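Have a look at the structure below before the remarks.
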Amino acid sequence: MLNPKVTLLFIMLCVQVHAEKISFNRDIRAILSDKCFHCHGPDENEIKGSLQLHSYAHATKKLGKKKNRQALYPGDLKRSEIYKRIMTEDEDDVMPPAESHKSLSSGEKDLIKKWILSGGKYEEHWAYQIPGKKTLPQNGEKHPIDSFIVQRLQKEGMYLSEKADRRTLIRRLTLDLTGLVPEIKNVQNFLNDKSKDAYIKLVERLLSSKHYGERMAQFWLDGARYADTTGYVSDKERTNWLYRDWVINAYNSNMPFDQFTIEQLAGDMLPNANDWQKIATGFHRNSMQAQGFNKPKEEYRLKAVADRIDTTGKVWLGLTMACAECHDHKYDPITQKEYFKMFAIFNNTPLYGKEPNRHGERITVEVKSRKVTAQVMKEMEKPRKTYIHIRGIHDQKGERVSPGVPAVFGAGQQGKKINRLSFAKGLVNGKNPLVARVIMNRLWAQFFNTGIVKTVEDFGSQGEWPSHPELLDWLAVEFVESGWDVKHMVKLIVTSKTYRQTSSISKSILKKDFYNRLLSHAPRHRLDAEQIRDNMLKISGLLNAKIGGASVRPYQPSFIDENRNNRKAKWVNSKGNDRYRRSLYTFWQRMIPYPSLVTFDAPAREISCVQRSSSNTPLQALVAMNDPVFMECAIHFATTLLNNQALNDNEARLSRAFERALSRPPASWERKSYLQTLARIKAELRETPNDVKALLNIKKPDSKSVQLAAWAMITQVILNLDETLNKE
């Protein structure tokens, strides 16, 4: 039996070792930021009790006149005012106070206790430190991504799942890199390719597909708040689709991301800028634009400038810049003055007038023998004067400021003359701590549904700690060192074992990691709104795969537009094959977006969106089953199956339907169930000819129309299968 003193010493040692493992960035910062910074954070104008907790220097300052009284008091719980206040049961003294409607859990209190005991060490926020390339863990994994993922899994007693089968892999990869399901012939070719590099060849083929740029552009256009109307009440039509096509072409040509950044933020300011570099600046002409007879034009102009700062912050920096418009940021080290110094960078473009296509800076280019005018940015010869807006009120001017960037991400730019071009170059000079991390995190979320930092839009103090911080830093440095090569990074991700896992999961793993943050299996999730519509068109054979061009207006019910008869953006359904173009080209009407896309969580794009919400509602099922476009897809799908002379019986037709929709043949039980259902439906439709007439919109049903109607109901089910609407 151990000596009691030795036992006690051992326990104390264990407690100390555990305490030393407490990380301020990982364990404490988020608690203080969420529960304390609103009253005791960086905003010096809103400090309560003369106490700030965002830095060690502030937290250890003496409180009042009493000796040895400070908030933190590292290593001494008895003297620590923080500890006393979070543990007291006195309603007048407890922190956070009741009126804040915030409280600390027992676990959070325990973490703060251990942090104080361990010395109360502060750290600079991880996202504001320039990333250094981490040494790859030595665990036998050859792929750098897998080495980091496996290292974390091993710590938790977990492991990667087995490799997904080839049919699942080609469907997953094709959906991820093109947005569309694979062709049957391509699935078969991949299955037949027994070479060691079969998968690599598949990846390279898909990366060179013209549809790759379309898929990548979808996410970027959300962040760029691309739309075909001005927004606000008038919501008038404007021409900006050349910018959308520029984005698609930039991804397809694998334009380096630093160039991609500079041209969008300041392409007009480049020496001898060409037309397409100017068109790239449509990024910031995507702002909502008040039109008509609104009187406070200056107010709306300034709203557009503020939107450009907010959008730039979200897209490149992962920061909530708008929080500093009215006061110093309460959570992150961005002062109101720094905000308006950045405001000055974007405050030097002309005031755009009533008609968005007639006033303001424009450029006209010829596209396929047609002249098209696009809105672009232009720097004024004489810069505007910029003032701090007191409390964010545009006509309450405070101190005048010159262009500049917040110190937290302006490495190498302090003390220099700043304009849009130098600012854009500074973002991608390799010294900014945020940009490469933010972009890589969003790319990761694109393939795994959740970012390494879950709060994709917020890398600040309120953001979530990365699930794999070393991996994120490695990816960020690799991105910069590769020459900002996006395709290189995409290829790295999709060739990892982590990406190629099966999505199957055991109950034990589900208990350990319910949200799959450690990636012990591939994520399974519903397709994006555009993918759902595009793939119904693709599977049915209706899809018009044309790349680029003017936006189109696929079918939508007339009643949706009944209150907009006097608007320039009135919806007139497109004719012919234009109705079946990819959703990327659907006319994006901000105030009344295309209904089926909104139902499946596409944003309205009034403001920048870098992470879509995901819902699961009965309305989605109703739309997928009953939307006229989707019903047309089901009927056309059935028609192609019945008209294919190579498919001479129902079994062959069913197999072809499954191969087109799911990239696999039906299982024996599925084959039996569907064929029995088909026979039952046909028998019922023979007795109810009015149902056939209603479904097919015909006057006189016959045996062929009964056959078509029955198959249309089968194809409708296949198009609405959970497996069809999800990525395995």
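The values are calculated or read from the model by the stated rules, or taken from the named source; none is laboratory data. The shown structure was predicted, so the numbers you read here are calculated from the model rather than taken from an experiment. Cβ atoms come from the backbone with ideal geometry, glycine included; neighbour counts cover every protein chain shown.
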Can you find a residue that is over 30 Å from residue 526 (Cβ atoms) and in a loop (DSSP other than H, G, I, E, B) anywhere in the range 715-724? no
Go through 282, 231 for me and flag whichever is surrounded by 21 or more Cβ atoms within 10 Å (Cβ to Cβ), of a type in the set (Gly, Ala, Ser) and assigned to a helix (DSSP H, G or I). 282
What are the pairs with Cβ atoms under 7 angstrom where one residue, in the range 189-213, is loosely packed, with under 15 Cβ neighbours inside 10 Å and the other, located anywhere, is in a loop (DSSP other than H, G, I, E, B)? Sequence gap at least six, or different chains. 200/495; 210/547
Name every residue in the range 617-644 that is surrounded by fewer than 16 Cβ atoms within 10 Å (Cβ to Cβ) and free of Cβ contacts under 8 Å to residues at least 24 places away in the same chain, in order of residue number. 617, 618, 619, 622, 626, 643, 644
Touching a helix residue (DSSP H, G or I) at 6+ places or on another chain (Cβ under 8 Å), of a type in the set (S, T, N, Q) and buried (at least 17 other Cβ atoms within 10 Å of the Cβ): which single residue out of 583, 574 fits that description? 583
If I filter the range 498-514 for residues that are within 19 Å of the chain's Cα centre (by Cα), touching a residue at least 40 places away in the same chain (Cβ under 8 Å) and closer than 23 Å to residue 221 by Cα, do I get at least one hit? no
For residue 160, indicate whether it is of a type in the set (A, V, I, L, M) and either farther than 23 Å from residue 463 by Cβ or without any contact (Cβ under 8 Å) to a residue 24 or more places away in the chain (or both). yes
Kindly check whether there is at least one residue in the range 95-117 that is more than 39 Å from the chain's Cα centre (by Cα), surrounded by 15 or more Cβ atoms within 10 Å (Cβ to Cβ) and modelled with pLDDT of 80 or more. yes
Answer yes or no as to whether residue 664 is outside any helix (DSSP H, G or I), closer than 30 Å to residue 173 by Cα and either touching a helix residue (DSSP H, G or I) at 6+ places or on another chain (Cβ under 7 Å) or of a type in the set (S, T, N, Q) (or both). yes
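So that you can scan it fast, the table gives a plain yes or no per residue for (1) part of a helix (DSSP H, G or I); (2) in contact with a Leu (Cβ under 9 Å, 6 or more places away or on another chain):
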| residue | (1), (2) |
| --- | --- |
| 591 | no, no |
| 596 | yes, no |
| 601 | no, no |
| 616 | no, no |
| 695 | yes, yes |
Only one of these is in contact with a Leu (Cβ under 9 Å, 6 or more places away or on another chain) and either modelled with pLDDT of 95 or more or of a type in the set (D, E, K, R) (or both): 242, 191, 206. Name it. 206
